[in-house]
Amino acid sequence: MNGSTDRIEKQVLLKASRERVWRAISDAGQFGTWFGIEFAGDFVPGEILKGTIVPTKVDAEVARMQEAFAGTEFVIRVERIEPMRHLSFRWNPYVVEPGRDPMQEPMTLVTFELEEAPGGILLTITESGFDAVPLDKRAQVFADNEEGWAIQCRLIERYLTGEHVAPEG
Amino acid sequence: MSHPKASSRNASAERNVAEAASVFAALGDETRLRIVTRLCRAGPQSIVRLTEGSRVTRQAVTKHLRALSRAGLVRGRRSGRETVWELEPRRLGEVRGYLDAISTQWDEAIDRLKAFVEPPEA
(Lines give C-alpha, C1' and ligand atoms only; values in the text may rest on other atoms or scores of the structure.)
Protein backbone atom coordinates (compact mmCIF):
# COMPACT_ATOMS: atom_id res chain seq x y z
CA MET A 1 0.00 0.00 0.00
CA ASN A 2 2.93 2.29 0.68
CA GLY A 3 3.43 4.52 -2.30
CA SER A 4 -0.16 4.45 -3.52
CA THR A 5 -1.88 7.74 -3.06
CA ASP A 6 -5.21 6.48 -4.36
CA ARG A 7 -5.96 3.45 -2.26
CA ILE A 8 -5.83 2.04 1.24
CA GLU A 9 -6.11 -1.69 1.78
CA LYS A 10 -6.45 -3.49 5.09
CA GLN A 11 -6.73 -7.17 5.91
CA VAL A 12 -7.65 -8.77 9.19
CA LEU A 13 -8.32 -12.35 10.25
CA LEU A 14 -11.42 -12.39 12.41
CA LYS A 15 -11.84 -15.44 14.60
CA ALA A 16 -15.58 -15.59 14.13
CA SER A 17 -18.07 -17.28 11.84
CA ARG A 18 -18.89 -15.87 8.43
CA GLU A 19 -22.44 -15.17 9.62
CA ARG A 20 -21.17 -13.20 12.59
CA VAL A 21 -18.77 -11.09 10.53
CA TRP A 22 -21.34 -10.54 7.80
CA ARG A 23 -23.90 -9.26 10.30
CA ALA A 24 -21.36 -6.89 11.84
CA ILE A 25 -20.68 -5.46 8.37
CA SER A 26 -24.06 -5.59 6.65
CA ASP A 27 -26.43 -4.74 9.49
CA ALA A 28 -26.39 -0.96 9.65
CA GLY A 29 -27.09 -1.04 13.38
CA GLN A 30 -24.22 -3.44 14.13
CA PHE A 31 -21.86 -1.60 11.80
CA GLY A 32 -22.64 1.57 13.69
CA THR A 33 -21.97 -0.05 17.04
CA TRP A 34 -18.31 -0.79 16.35
CA PHE A 35 -17.71 2.06 13.95
CA GLY A 36 -19.35 4.81 15.94
CA ILE A 37 -22.11 5.81 13.53
CA GLU A 38 -25.85 5.82 13.85
CA PHE A 39 -27.49 5.17 10.48
CA ALA A 40 -31.00 6.37 9.74
CA GLY A 41 -31.96 3.08 8.08
CA ASP A 42 -30.72 -0.13 6.50
CA PHE A 43 -28.07 -0.68 3.83
CA VAL A 44 -29.91 -0.90 0.50
CA PRO A 45 -27.96 -1.01 -2.77
CA GLY A 46 -28.24 2.22 -4.73
CA GLU A 47 -29.75 4.13 -1.86
CA ILE A 48 -28.40 7.07 0.02
CA LEU A 49 -28.30 6.65 3.75
CA LYS A 50 -27.80 9.34 6.33
CA GLY A 51 -25.47 8.71 9.23
CA THR A 52 -24.67 10.55 12.43
CA ILE A 53 -21.46 10.25 14.39
CA VAL A 54 -22.06 8.72 17.81
CA PRO A 55 -19.41 7.55 20.24
CA THR A 56 -18.58 3.88 19.65
CA LYS A 57 -19.76 1.42 22.26
CA VAL A 58 -16.82 -0.90 21.73
CA ASP A 59 -13.90 1.18 22.96
CA ALA A 60 -14.28 3.57 25.87
CA GLU A 61 -11.19 5.60 25.02
CA VAL A 62 -12.20 6.09 21.40
CA ALA A 63 -15.73 6.88 22.53
CA ARG A 64 -14.39 9.69 24.68
CA MET A 65 -12.50 11.16 21.72
CA GLN A 66 -15.52 10.82 19.46
CA GLU A 67 -17.66 12.84 21.86
CA ALA A 68 -16.49 16.02 20.17
CA PHE A 69 -17.97 14.83 16.88
CA ALA A 70 -21.22 13.47 18.20
CA GLY A 71 -24.06 14.71 16.05
CA THR A 72 -22.02 15.32 12.90
CA GLU A 73 -24.01 14.15 9.90
CA PHE A 74 -22.83 12.65 6.63
CA VAL A 75 -24.17 10.40 3.90
CA ILE A 76 -23.14 7.18 2.25
CA ARG A 77 -24.42 5.64 -0.95
CA VAL A 78 -24.56 1.87 -0.80
CA GLU A 79 -23.15 0.40 -4.00
CA ARG A 80 -23.33 -3.37 -3.91
CA ILE A 81 -24.35 -6.09 -1.47
CA GLU A 82 -23.54 -9.77 -2.11
CA PRO A 83 -24.77 -11.62 0.96
CA MET A 84 -22.00 -13.16 3.08
CA ARG A 85 -19.34 -11.92 0.65
CA HIS A 86 -19.26 -8.28 -0.31
CA LEU A 87 -20.54 -4.89 0.74
CA SER A 88 -19.48 -1.56 -0.71
CA PHE A 89 -20.47 2.06 -0.35
CA ARG A 90 -19.23 5.53 -1.23
CA TRP A 91 -18.70 8.48 1.04
CA ASN A 92 -16.77 11.73 1.23
CA PRO A 93 -13.45 11.30 2.97
CA TYR A 94 -13.25 14.94 4.00
CA VAL A 95 -15.37 17.79 5.23
CA VAL A 96 -18.17 18.69 2.88
CA GLU A 97 -18.92 22.35 3.27
CA PRO A 98 -22.34 23.09 4.69
CA GLY A 99 -24.81 23.84 1.92
CA ARG A 100 -23.00 21.70 -0.66
CA ASP A 101 -24.49 18.48 -2.00
CA PRO A 102 -22.21 15.67 -0.79
CA MET A 103 -23.28 13.48 -3.70
CA GLN A 104 -21.88 16.07 -6.11
CA GLU A 105 -18.52 16.03 -4.36
CA PRO A 106 -15.94 13.37 -5.14
CA MET A 107 -16.35 10.27 -3.00
CA THR A 108 -14.19 7.32 -2.14
CA LEU A 109 -15.35 3.74 -2.57
CA VAL A 110 -15.19 1.58 0.55
CA THR A 111 -15.41 -2.20 0.09
CA PHE A 112 -15.63 -5.07 2.54
CA GLU A 113 -14.79 -8.57 1.24
CA LEU A 114 -15.18 -11.73 3.31
CA GLU A 115 -13.13 -14.84 2.55
CA GLU A 116 -12.86 -18.18 4.27
CA ALA A 117 -9.45 -18.61 5.90
CA PRO A 118 -7.89 -21.05 8.35
CA GLY A 119 -9.10 -20.06 11.81
CA GLY A 120 -11.77 -17.64 10.75
CA ILE A 121 -12.77 -15.10 8.16
CA LEU A 122 -10.29 -12.97 6.30
CA LEU A 123 -11.79 -9.51 5.92
CA THR A 124 -10.33 -7.19 3.31
CA ILE A 125 -11.27 -3.53 3.54
CA THR A 126 -10.30 -1.13 0.79
CA GLU A 127 -10.91 2.56 0.37
CA SER A 128 -10.03 3.93 -3.04
CA GLY A 129 -10.45 7.04 -5.11
CA PHE A 130 -8.34 9.42 -3.03
CA ASP A 131 -6.55 10.73 -6.11
CA ALA A 132 -9.81 12.32 -7.23
CA VAL A 133 -10.47 13.96 -3.89
CA PRO A 134 -10.05 17.71 -3.96
CA LEU A 135 -8.52 19.23 -0.87
CA ASP A 136 -9.78 22.61 -1.84
CA LYS A 137 -11.10 24.19 -5.02
CA ARG A 138 -7.68 24.65 -6.51
CA ALA A 139 -6.76 21.14 -5.59
CA GLN A 140 -9.77 19.92 -7.54
CA VAL A 141 -8.32 21.40 -10.70
CA PHE A 142 -5.00 19.90 -9.83
CA ALA A 143 -6.44 16.45 -9.24
CA ASP A 144 -8.23 16.61 -12.58
CA ASN A 145 -4.91 17.05 -14.28
CA GLU A 146 -3.58 13.54 -14.57
CA GLU A 147 -0.11 14.54 -15.56
CA GLY A 148 0.14 17.01 -12.72
CA TRP A 149 -1.03 14.38 -10.35
CA ALA A 150 1.46 11.84 -11.63
CA ILE A 151 4.25 14.32 -11.06
CA GLN A 152 2.99 15.00 -7.57
CA CYS A 153 2.92 11.28 -6.83
CA ARG A 154 6.47 10.85 -7.99
CA LEU A 155 7.59 13.78 -5.88
CA ILE A 156 5.94 12.38 -2.82
CA GLU A 157 7.32 8.91 -3.42
CA ARG A 158 10.74 10.28 -4.02
CA TYR A 159 10.49 12.22 -0.81
CA LEU A 160 9.29 9.22 1.14
CA THR A 161 12.00 6.95 -0.20
CA GLY A 162 14.61 9.55 0.61
CA GLU A 163 15.62 10.10 -3.01
CA HIS A 164 14.73 13.76 -3.01
CA VAL A 165 17.41 16.26 -3.77
CA ALA A 166 19.11 17.17 -0.54
CA PRO A 167 18.50 20.79 0.42
CA GLU A 168 22.13 21.39 1.29
CA GLY A 169 24.69 21.20 -1.44
CA MET B 1 -15.10 16.00 11.18
CA SER B 2 -12.82 15.36 8.24
CA HIS B 3 -14.12 11.88 7.65
CA PRO B 4 -16.52 9.53 9.35
CA LYS B 5 -13.44 7.73 10.57
CA ALA B 6 -11.57 10.83 11.54
CA SER B 7 -13.12 10.94 14.96
CA SER B 8 -10.33 9.37 16.92
CA ARG B 9 -7.54 11.36 15.31
CA ASN B 10 -9.62 14.43 14.79
CA ALA B 11 -7.30 17.30 15.57
CA SER B 12 -4.24 16.02 13.77
CA ALA B 13 -6.26 14.78 10.81
CA GLU B 14 -7.95 18.18 10.51
CA ARG B 15 -4.60 19.86 10.58
CA ASN B 16 -3.22 17.46 7.99
CA VAL B 17 -6.11 18.20 5.65
CA ALA B 18 -5.74 21.94 6.10
CA GLU B 19 -2.00 21.78 5.50
CA ALA B 20 -2.36 19.45 2.55
CA ALA B 21 -4.93 21.80 1.07
CA SER B 22 -2.48 24.68 1.02
CA VAL B 23 0.13 22.46 -0.64
CA PHE B 24 -2.31 21.36 -3.32
CA ALA B 25 -3.45 24.92 -3.86
CA ALA B 26 0.13 26.01 -4.36
CA LEU B 27 0.74 23.16 -6.79
CA GLY B 28 -2.51 23.74 -8.65
CA ASP B 29 -0.74 25.79 -11.28
CA GLU B 30 1.28 24.49 -14.19
CA THR B 31 4.14 26.94 -13.83
CA ARG B 32 4.51 26.33 -10.11
CA LEU B 33 4.39 22.60 -10.64
CA ARG B 34 7.18 22.95 -13.21
CA ILE B 35 9.25 24.97 -10.77
CA VAL B 36 8.81 22.34 -8.06
CA THR B 37 9.64 19.51 -10.48
CA ARG B 38 12.71 21.36 -11.63
CA LEU B 39 13.93 22.02 -8.08
CA CYS B 40 13.25 18.40 -7.31
CA ARG B 41 15.32 17.13 -10.24
CA ALA B 42 18.09 19.66 -10.36
CA GLY B 43 18.43 20.78 -6.77
CA PRO B 44 18.72 24.36 -5.47
CA GLN B 45 18.67 26.96 -8.24
CA SER B 46 18.76 30.69 -8.67
CA ILE B 47 15.96 32.55 -10.42
CA VAL B 48 18.21 33.02 -13.42
CA ARG B 49 18.71 29.29 -13.83
CA LEU B 50 15.07 28.53 -13.08
CA THR B 51 14.02 30.90 -15.84
CA GLU B 52 16.45 29.45 -18.40
CA GLY B 53 14.72 27.72 -21.29
CA SER B 54 11.34 28.84 -19.97
CA ARG B 55 8.90 31.18 -21.67
CA VAL B 56 7.94 32.58 -18.30
CA THR B 57 9.51 35.87 -17.26
CA ARG B 58 11.79 36.22 -14.29
CA GLN B 59 9.22 38.42 -12.56
CA ALA B 60 6.56 35.74 -13.00
CA VAL B 61 8.87 33.03 -11.67
CA THR B 62 9.63 35.21 -8.64
CA LYS B 63 5.93 35.64 -8.00
CA HIS B 64 5.35 31.89 -8.23
CA LEU B 65 8.28 31.17 -5.95
CA ARG B 66 6.79 33.49 -3.35
CA ALA B 67 3.48 31.61 -3.57
CA LEU B 68 5.29 28.29 -3.17
CA SER B 69 7.24 29.73 -0.28
CA ARG B 70 4.06 30.84 1.48
CA ALA B 71 2.80 27.25 1.23
CA GLY B 72 6.07 26.12 2.75
CA LEU B 73 7.07 24.14 -0.34
CA VAL B 74 10.25 26.04 -1.15
CA ARG B 75 12.55 28.38 0.65
CA GLY B 76 14.90 31.05 -0.57
CA ARG B 77 18.47 31.40 0.67
CA ARG B 78 20.68 34.42 -0.01
CA SER B 79 23.86 33.45 -1.78
CA GLY B 80 25.95 36.49 -2.57
CA ARG B 81 23.85 38.81 -4.72
CA GLU B 82 21.23 36.28 -5.67
CA THR B 83 18.68 34.11 -3.94
CA VAL B 84 18.96 30.36 -4.35
CA TRP B 85 15.65 28.56 -4.14
CA GLU B 86 15.36 25.06 -2.81
CA LEU B 87 12.69 22.53 -2.13
CA GLU B 88 11.23 22.05 1.33
CA PRO B 89 10.48 18.35 0.89
CA ARG B 90 8.97 17.88 4.32
CA ARG B 91 5.78 19.60 3.12
CA LEU B 92 5.29 17.15 0.30
CA GLY B 93 5.30 14.36 2.84
CA GLU B 94 2.40 15.98 4.63
CA VAL B 95 0.18 15.37 1.63
CA ARG B 96 0.87 11.72 2.12
CA GLY B 97 0.17 12.28 5.82
CA TYR B 98 -3.51 12.81 5.03
CA LEU B 99 -3.74 9.25 3.70
CA ASP B 100 -1.70 7.92 6.61
CA ALA B 101 -4.16 9.49 9.03
CA ILE B 102 -7.10 7.79 7.33
CA SER B 103 -5.14 4.54 7.24
CA THR B 104 -4.59 4.74 11.00
CA GLN B 105 -8.29 5.40 11.52
CA TRP B 106 -9.07 2.19 9.64
CA ASP B 107 -6.63 0.27 11.84
CA GLU B 108 -8.45 1.56 14.89
CA ALA B 109 -11.86 0.76 13.43
CA ILE B 110 -10.66 -2.77 12.65
CA ASP B 111 -9.53 -3.23 16.26
CA ARG B 112 -13.02 -2.30 17.38
CA LEU B 113 -14.61 -4.62 14.84
CA LYS B 114 -12.39 -7.45 16.08
CA ALA B 115 -13.43 -6.82 19.67
CA PHE B 116 -17.04 -6.69 18.49
CA VAL B 117 -17.23 -9.97 16.55
CA GLU B 118 -14.74 -12.22 18.31
CA PRO B 119 -16.02 -14.09 21.34
CA PRO B 120 -13.99 -13.21 24.48
CA GLU B 121 -12.72 -16.77 24.90
CA ALA B 122 -11.33 -16.98 21.36
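Output the residues belonging to region A:78-106 that are of a type in the set (D, E, K, R) and either in contact with a Pro (Cβ under 9 Å, 6 or more places away or on another chain) or modelled with pLDDT under 80 (or both).
A:Glu79, A:Arg80, A:Glu97, A:Glu105
Please give the helices (runs of 4 or more DSSP H) falling wholly within region B:1-97 in which 3 or more residues are in contact with a strand residue (DSSP E or B) (Cβ under 8 Å, 6 or more places away or on another chain), at the interface with chain A (Cβ under 8 Å from one of its Cβ atoms) and modelled with pLDDT under 70.
Because the criterion is at least 3 residues that are in contact with a strand residue (DSSP E or B) (Cβ under 8 Å, 6 or more places away or on another chain), at the interface with chain A (Cβ under 8 Å from one of its Cβ atoms) and modelled with pLDDT under 70, no helices (runs of 4 or more DSSP H) in region B:1-97 meet it.
In region B:41-61, how many residues are touching a helix residue (DSSP H, G or I) at 6+ places or on another chain (Cβ under 6 Å) and either buried (at least 20 other Cβ atoms within 10 Å of the Cβ) or more than 18 Å from B:Arg75 (Cβ to Cβ) (or both)?
Counting residues in region B:41-61 that are touching a helix residue (DSSP H, G or I) at 6+ places or on another chain (Cβ under 6 Å) and either buried (at least 20 other Cβ atoms within 10 Å of the Cβ) or more than 18 Å from B:Arg75 (Cβ to Cβ) (or both) gives 5.
The values are calculated or read from the model by the stated rules, or taken from the named source; none is laboratory data. All values reported here derive from a predicted model rather than from experimental measurement. We place every Cβ from the backbone using ideal geometry, glycine too, and count neighbours over all the protein chains shown.
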